């Protein structure tokens, strides 16, 4: 049996399955935390060196727990948005080893979807 060569722009199965390099490790939390201004958010660093950010209206919360959030199994980041009487809120968690770049992208998207009133 003869197999025709792949057309330009298409990859063979072996090429499609080749290994990639993936971003691993927690990275720099400043990529996440630098997105918040003192004008719109409160920032608290507690005695465990955990960082808590909340919007001044209290509807947004971000927690950064470098050693893991107490009572959880390695939760390193927590994003929560409070809902309304008509629409429930939501929350997202990332573990301590999730790259800060990934968390920063999620936070940026949440902030983009919250226009000022």
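What follows draws every value from the coordinates through simple rules; no lab data is involved. Please read all numbers here as calculations on a predicted model, not as lab measurements. Backbone-built Cβ (ideal geometry, glycine too); neighbour counts: all protein chains shown.
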- line: Relative to the chain, whose Cα atoms define the longest principal axis, helix 100-112 and its Cα axis are tilted in degrees, nearest 10, by 60
query: Hey, of (1) 9.6; (2) 12.9; (3) 6.6, which did the structure itself give for mean projected area of the Cα convex hull in nm² when calculated?
result: (2)
statement: Of the stretch 93-116, those with amide N under 17 Å from the point 7 Å along the Cα→Cβ vector of residue 86 are 115
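Using just the helices of the chain, give the 222 nm mean residue ellipticity in deg cm²/dmol: DSSP H runs with n ≥ 4 each add -39,500 (n - 2.57), and the total is spread over all residues, rounded to 500. Could you put the intermediate results ahead of the total?
Details: 3 runs with 21 residues, N = 117.
Taken over the chain, the calculation gives -4500 deg cm²/dmol.
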task: With an 8 Å cut-off on Cα pairs and a minimum separation of 6 or more residues, tell me the relative contact order of the stretch 25-112 in percent.
output: 27
field: Prolate/oblate/rounded label for the stretch 66-117 (Cα gyration tensor, a/c 1.5)
entry: oblate
